[in-house]
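Inspection log for the structure reproduced underneath, given as structure tokens.
The values are calculated or read from the model by the stated rules, or taken from the named source; none is laboratory data. Note that the structure is predicted; figures quoted are calculated from it, not measured. Backbone-built Cβ (ideal geometry, glycine too); neighbour counts: all protein chains shown. Side chains included, ligands, DNA and RNA excluded: accessible areas come from the protein's heavy atoms. Shrake-Rupley method; radii C 1.70, N 1.55, O 1.52, S 1.80 Å.
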Amino acid sequence: MRILGRVVSTALITGLGLAGVAAQAAEDPVATRQAIMSSVGAAAGLGGGMMKGEIDYNPVAGKSVIATMRAASIAYGDYFPAGSDQGETDATAKIWEDPDGFAAELAKFSAATEKATAASGKDGPADVDAFKAAMGPVFGTCKSCHETYRKKN
Ligand code: HEC
């Protein structure tokens, strides 16, 4: 399931310093997609912490959260080849039973991160309200996809 070519996603991941993730991809798509989602989880922790006021808001940190989400949303769909529903994975069988439904969730994720990137500008969202406005829709896509396509919520 390729949303964009491997070349484009690899370039983006490498650009963000996650070259190791891309290098792993050929042998182990499950580990790769879990590593990508871990980076999303870490970015969500930072972003959510700033949105709740637990971490002081900083535009550069806001921009890095959005950039991580953006890269993940572009690359993620590349790592679900046939047969990778087996083993240590929390991906549900639904991904392979209903590829169009999964592609639609990926498209929502990617559309939300594209808008957030546009709102992020050169220096990141100026204040926490701008960051919340940019990230709110991105956070909405986590639950929407996990509900059906991830075993644990
Ligand atoms: C298009 C579907 C989709 C979207 C959108 C999505 N996820 Fe996931 N996520 C998954 C799937 C599928 C797994 C399980 C993958 C596996 O175990 O092979 C997962 C796993 C995870 C994990 C566990 C990673 C690990 O270490 O195994 C975290 C953390 C996570 N997601 C956070 C998020 C957050 C936060 C968002 C929103 C910003 C998000 N996800 C958006 C599909 C999605």
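Of all residues in the range 110-153, those satisfying the criterion of being more than 16 Å from the chain's Cα centre (by Cα), surrounded by fewer than 16 Cβ atoms within 10 Å (Cβ to Cβ), of a type outside the set (Gly, Ala, Ser) and assigned to a helix (DSSP H, G or I) are Asp129, Thr148. Close contacts from the range 142-153, counting a first residue that is over 13 Å from Ala103 (Cα atoms) and a second that is among the charged types (D, E, K, R) and outside any strand (DSSP E or B), with Cβ to Cβ under 8 Å and a gap of 6+ residues or different chains, come to Arg150/Asp90; Lys151/Asp90; Lys152/Asp90; Asn153/Lys143; Asn153/Glu147.
Among the numbered conditions (1) open to solvent by less than 10 Å² (accessible area, probe 1.4 Å); (2) more than 18 Å from Thr141 (Cα to Cα), the only one that Gly47 does not meet is (2).
Of the residues making up the range 97-107, not a single one is more than 9 Å from the ligand (Cβ to nearest atom), surrounded by 14 or more Cβ atoms within 10 Å (Cβ to Cβ) and at pLDDT below 95.
Output yes when any residue across the range 97-105 is of a type in the set (A, V, I, L, M, F, W, C) and touching a Gly at 6+ places or on another chain (Cβ under 9 Å), and no when none is. Looking through the range 97-105, at least one residue is of a type in the set (A, V, I, L, M, F, W, C) and touching a Gly at 6+ places or on another chain (Cβ under 9 Å).
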